[in-house]
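The structure under discussion appears below in the form of structure tokens.
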Number of protein chains: 4
Amino acid sequence: MRKADLIKTPVEHFDITQHNVVPLVEAMRQMAFSARDLARAADIYDRMVQDHDCGIILCLAGSLISAGLKKVFAEAIRCRMVDAVVSTGANIVDQDFFEALGFGHYVGPEELRSGMFDAELRELHLDRIYDTLIDEDDLRICDDTIRQIADELEPRPYSSREFIKSMGAYLERKGCKTADSIVWEAYRNDVPIFCPAFSDCSAGFGLVAHQHERGERAKVSIDSAKDFYELTQLKMRNPTTGLFMVGGGVPKNFAQDIVVAAEVLGQDVPMHKYAIQITVADVRDGALSGSTLKEASSWGKVDTTFEQMVYSEATLAVPLTFGFVYHRGHWKTRTGRRWSQLLEPLADGQTRGAEAPLELVKNP
Amino acid sequence: MRKADLIKTPVEHFDITQHNVVPLVEAMRQMAFSARDLARAADIYDRMVQDHDCGIILCLAGSLISAGLKKVFAEAIRCRMVDAVVSTGANIVDQDFFEALGFGHYVGPEELRSGMFDAELRELHLDRIYDTLIDEDDLRICDDTIRQIADELEPRPYSSREFIKSMGAYLERKGCKTADSIVWEAYRNDVPIFCPAFSDCSAGFGLVAHQHERGERAKVSIDSAKDFYELTQLKMRNPTTGLFMVGGGVPKNFAQDIVVAAEVLGQDVPMHKYAIQITVADVRDGALSGSTLKEASSWGKVDTTFEQMVYSEATLAVPLTFGFVYHRGHWKTRTGRRWSQLLEPLADGQTRGAEAPLELVKNP
Amino acid sequence: MRKADLIKTPVEHFDITQHNVVPLVEAMRQMAFSARDLARAADIYDRMVQDHDCGIILCLAGSLISAGLKKVFAEAIRCRMVDAVVSTGANIVDQDFFEALGFGHYVGPEELRSGMFDAELRELHLDRIYDTLIDEDDLRICDDTIRQIADELEPRPYSSREFIKSMGAYLERKGCKTADSIVWEAYRNDVPIFCPAFSDCSAGFGLVAHQHERGERAKVSIDSAKDFYELTQLKMRNPTTGLFMVGGGVPKNFAQDIVVAAEVLGQDVPMHKYAIQITVADVRDGALSGSTLKEASSWGKVDTTFEQMVYSEATLAVPLTFGFVYHRGHWKTRTGRRWSQLLEPLADGQTRGAEAPLELVKNP
Amino acid sequence: MRKADLIKTPVEHFDITQHNVVPLVEAMRQMAFSARDLARAADIYDRMVQDHDCGIILCLAGSLISAGLKKVFAEAIRCRMVDAVVSTGANIVDQDFFEALGFGHYVGPEELRSGMFDAELRELHLDRIYDTLIDEDDLRICDDTIRQIADELEPRPYSSREFIKSMGAYLERKGCKTADSIVWEAYRNDVPIFCPAFSDCSAGFGLVAHQHERGERAKVSIDSAKDFYELTQLKMRNPTTGLFMVGGGVPKNFAQDIVVAAEVLGQDVPMHKYAIQITVADVRDGALSGSTLKEASSWGKVDTTFEQMVYSEATLAVPLTFGFVYHRGHWKTRTGRRWSQLLEPLADGQTRGAEAPLELVKNP
């Protein structure tokens, strides 16, 4: 195997604007099983977009960006179909920001999945995600870019949201090398991105390098409690919310928990009014990733009137659900929340979160 | 449904010391499928315990403690079969520490799984994890205990490891209300516990309350980069390592990544020499939780000589594998790493990590 | 719950002719995971249709017809995209033939999935398939129709293929009450349908009633060995074959086995040249349903050049793959095999299977 | 790879008599998830054995015998813990009868699972079942033995049950080459075995060869309707029944359906009073294999008072559940049904099924 042969076919991102799947999804509504569930999930997402009180939180777990879903989510941000993102670190840093730096993901030959070639891949500095390849050398540059960004920041605790905003600013400044980037679109549309386990990815490598160099000196740290506090504040300021969850894991748990966190802070907020999850995780091992949204309602986190789980791998269900809502077009009359503005300290050093009128949020 | 009726049958934790499963597991070695894999995983774990150079990292994801596996892991820590723990927050805070405060998990009636009673459960302040119930009022006390611990700490960034050590100290001081506690045993045996997504649990609620009260004043923050840095340092000081992973998610990713992080810090360390994962996650969605350990070897994280995935829900496979190694008894001649001592600042304010001879680690 | 309310929304069958999914599937080709696999499966199916030497065998397991996929398969038969069908009995008798008699499947309210209403459903004579309902009284009429068909046949052993042909003749004679029927289209297009476990469905009820009434008198029996013999003969007469398998189970095993059966009969035939399987079954329990097509190649059953498994629930993947091949349109220049003619005894009582020139098969 | 190296380690069958798992299973009763379900399933099976009115039907799907579970089921038959078996053909013919002829299954090297060596295996005449190997040449002898048995039988339609009884008689006559055989034990204990898709295995190859040789002459055929009729008669004669299902597929469907079949024949019988299923199949694709036992109750097939699904691969759950019931020992005072005697024609050519008093069944 030669490295050049292995990385000649790039992953291409699905473009929801090019495929009007509305009739297709509507034809699934009176079928059964996953098709029916998918159609109902698409309807609920469409309803979220039409509910102008609703803040929409997108949760991402799994290797979604490397799989060709980057443009779907970037488009959704551009089209004000998403107001906040909660994600695993890999999607945001190792995959989206990585591509924004000019690097790519590659379609690996089918036989690599057997696992019999992984030692060879390691020799070639190629990392494998199931059927997809990444150049490890490129990834190291991504790690190092994170380190540079950290080096340039004032040393203090940051929420991952703040740090990711700096990554967006970096792209704005240096130029984004790709037409679509979640980090960059989010930066430009004031959509906050949270990675509650931010060290668990390329960002971790960069930050460890930063902290190692700083030694006993003041350094940047990532305060995951601040992440939670910030997202909770958004819920408190915008009580009607909906979740679109792709996969489970930390993002699902984190985003669901803010309802309870608001209550802990003394403000009763309604449960998430809408909730969709696309997953293949099994319910029977009791783990959160596969746990039903009804179970979440016992915890007071998710209302059950508009909830739908779709049993499907994401590369099939995400293009259809997002494409449906895109082509239904109700986002055209929706105002994005621009929640980043709500969270960011004003020039005078105050957080305007608590005081700012909600109207300000709605009409940035 | 009356609340009292629903929480009268406590979950009972499996006691590996009471069941010599060695013959049972050995009888599975020449069967096929999960039985054979389970026997091989048990053999590899036993080999880890016999390899006196090997530091053993236990990774926990899923609702394991509420499911009756607490005593297994507490025993493993006591018996020097584990040198560090990387876990989701729920296992450590909402479930283990929660029980250490005197609260319990309850066997729910079978029909609750249908999801049809979750609204009633919410009214009763009962949270459901598939077939198991928790009193939400108790959980709020747990949240608040975390807040109190945070309030008493010097305001600065902490690794989750440091914070969890404070939770252990709290139990030591106030009394642990249960015979077995992972947090407490880890505290007493200098076994560090890392929760890389520490806000994603009851700890998050307590810390949000703490930060909210502090307002603009100095406050405790949780530095997830520091977690990663600390665990990487352990790998650098103790290059031979093995992973026992129950479930996937952030703990799996985090623990695997330290091999690369060490390299980023300029020290070539070997891949994890041993790796076991118990999971029901599917490999075909490309997500990390179900990704093979061979795939991890393409990333340079896990060696493939002694790796084994076991396709089983954890409540079946964990008692058998840990019970096997317990009754094989090689832990009796093993010296625990007492890694917490390696990480903790000495009285003079220096980290002795870099300087301390490895012998010190081996013979605390 | 009132019965009338529960069965007012019929399942509607997906119509591949109405949705040109070619661009959609092509856009998935350079994504990853299930999307990429689905695109490759669609390409392989398209290749089968273009390979004029290839006889195409469709294998059906799972509740596919009740789920809204009937019209897809009926269309594929009409369009000469399928030359033989191997199915579980339920799809063919309880679901397709049942609808051809004028009965329907109904979209059940979401809460039925909880399983908490099944006793009530039983009282109402409603049978549940996950989220779908059937009127048990209608099903009894279907059972009885099978009994009548058996009563009118000459008493002797029949292959399920022969019996199902009689069901098609029944529909031809009495009128098919629905625009699309697999049984009827297959009858009219000389596409043989095999149900190797034919008693395992509504047909079983009718045949048991028939045999019970006949007592010691001569009766119709269903010879599953004859089924196997017939399908093997088709393979021997038409050595190049491809399988499109939806689900696993008996149909998968049965259709794969004919390669070996031909060899047992003294004729070396090539392995199935093409093989696609859509399934969510796990590979790790060692059962056939989830076993890889590579594994089948160790048995000498399936070639591995053009094989693809797609990890997806069928209601999502079947419309996309069949729709792709339909709109690519290569079936327009393909000649159907009309294999039923090959198997059926001629007027003079001889089977023309062994003697008839293959040309005859190709140009009925 | 050399063939001799690949088949030197035989699969060894688990021996429930050697492992008293009662305390282990009892310790799982108040855990959660699969452990709790497994303990409850074991309790229900134990209850079946204690209910002297209950006829126990064991359903087998998946590659269970090759996986090392043969001795478990043979022991269960010997100990009167099973009154009838419904199975896929492979377990009974290709695997159990195959071993009774003196052939074996072999532990394959781990890397074979990658699928990368299947072409080599084919060259070596080695068939792979996930991690296990079979010598194809041996399998052909098994096929041919079936042909011989068919050749010696009077040409007429047989139920698979009748044919399998002849296989038992063959072993009795020629000598069973292994200490444990389901077919042989069933023969000697008058336990009927049904394979409703009997051609879907090695038996199919033998029978196809038989029918091919016979040409137009009278031949043995396998009447799957007769299978269904016979099992239904057993239900009618012994209304209280319990199912222990390993896997799903045709055996599950077939055994559940007999309740309805009895009704079709004009006799109201109770639903199966007890039902256990061990499976990893997912419920969400709507297929029967993973469908809940509650769903079956909507069809009037399974009562829901004593039903339990266990989410586990069979090699883990079968030894524990059967071992539990074996060591509880209630089978010692149970009388086997000896149902084969009920079905078999008497010397005078009459079926005594309908007339014989039930007492005769209970005390053969």
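The values are calculated or read from the model by the stated rules, or taken from the named source; none is laboratory data. None of the values given here were measured: they were computed from a predicted structure. Virtual Cβ from ideal backbone geometry, glycine too; neighbours counted across all protein chains shown.
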Problem set entry | Meets criteria (away from chain C (no Cβ under 14 Å) and without any contact (Cβ under 8 Å) to a residue 24 or more places away in the chain) for D:G215 | no
For this session: Specify the residue that is nearest to the other protein chains (Cβ to nearest Cβ); the eligible residues are those in the range C:2-37 that are closer than 21 Å to C:I65 by Cβ and part of a helix (DSSP H, G or I).
Result: C:Q18
Seminar exercise, completed: Picking from C:G336, C:G323, C:G349, C:G329, the residue that is at pLDDT 95 or above and surrounded by fewer than 16 Cβ atoms within 10 Å (Cβ to Cβ) would be C:G329
Exercise. Among the residues of the range B:115-129, is any more than 12 Å from chain D (Cβ to nearest Cβ), free of Cβ contacts under 8 Å to residues at least 60 places away in the same chain and out of contact with any helix residue (DSSP H, G or I) (no Cβ under 6 Å at 6 or more places or on another chain)?
Worked result: yes
For this session: Scan the range A:45-72 residue by residue and report those that are part of a helix (DSSP H, G or I) and of a type in the set (V, I, T).
Result: A:V49, A:I65, A:V72
Exercise. Of all residues in the range A:12-32, which are touching a residue at least 60 places away in the same chain (Cβ under 8 Å) and farther than 17 Å from C:V21 by Cβ?
Worked result: A:H13
Problem set entry | Out of A:T292, A:T304, sole residue that is under 21 Å from the mean Cα position of the chain (by Cα) and surrounded by fewer than 23 Cβ atoms within 10 Å (Cβ to Cβ) | A:T292
Problem set entry | Candidates B:E111, B:E75, filtered to the one that is part of a helix (DSSP H, G or I) and at pLDDT below 95 | B:E111
For this session: Go over the candidates D:R140, D:R47, D:R78 one by one and state the one that is of a type in the set (K, R) and over 30 Å from D:M236 (Cα atoms).
Result: D:R140
Exercise. Just to be sure, is D:T304 of a type in the set (S, T, Y) and farther than 28 Å from C:A150 by Cβ?
Worked result: yes
For this session: Report yes if C:I56 is more than 14 Å from chain A (Cβ to nearest Cβ) and modelled with pLDDT of 95 or more, otherwise no.
Result: yes
Exercise. Within the range C:292-303, can you find the residues that are more than 7 Å from chain D (Cβ to nearest Cβ) and within 30 Å of D:G286 (Cβ to Cβ)?
Worked result: C:L293, C:A296, C:K301, C:V302
For this session: Report yes if some residue within the range C:182-200 is acidic (D, E), closer than 22 Å to D:F198 by Cα and more than 10 Å from chain D (Cβ to nearest Cβ); otherwise report no.
Result: no
Problem set entry | Which numbered condition B:V82 misses (of (1) part of a loop (DSSP other than H, G, I, E, B); (2) within 14 Å of chain D (Cβ to nearest Cβ); (3) β-branched (V, I, T)) | (2)
Problem set entry | Condition broken by C:G68, with the remaining ones in (1) more than 7 Å from chain A (Cβ to nearest Cβ); (2) crowded, with 20+ Cβ neighbours inside 10 Å; (3) not charged (D, E, K, R) satisfied | (1)
Problem set entry | Positions within the range C:74-85 being within 19 Å of C:A169 (Cα to Cα) and within 12 Å of the chain's Cα centre (by Cα), in sequence order | C:A74, C:I77, C:D83, C:A84, C:V85
Exercise. Name the residues in the range D:272-286 that are within 9 Å of chain C (Cβ to nearest Cβ) and surrounded by fewer than 24 Cβ atoms within 10 Å (Cβ to Cβ), would you?
Worked result: D:D282, D:V283, D:R284
Problem set entry | Tally, over the range D:230-266, of residues that are within 11 Å of chain C (Cβ to nearest Cβ), touching a residue at least 60 places away in the same chain (Cβ under 8 Å) and part of a helix (DSSP H, G or I) | 9
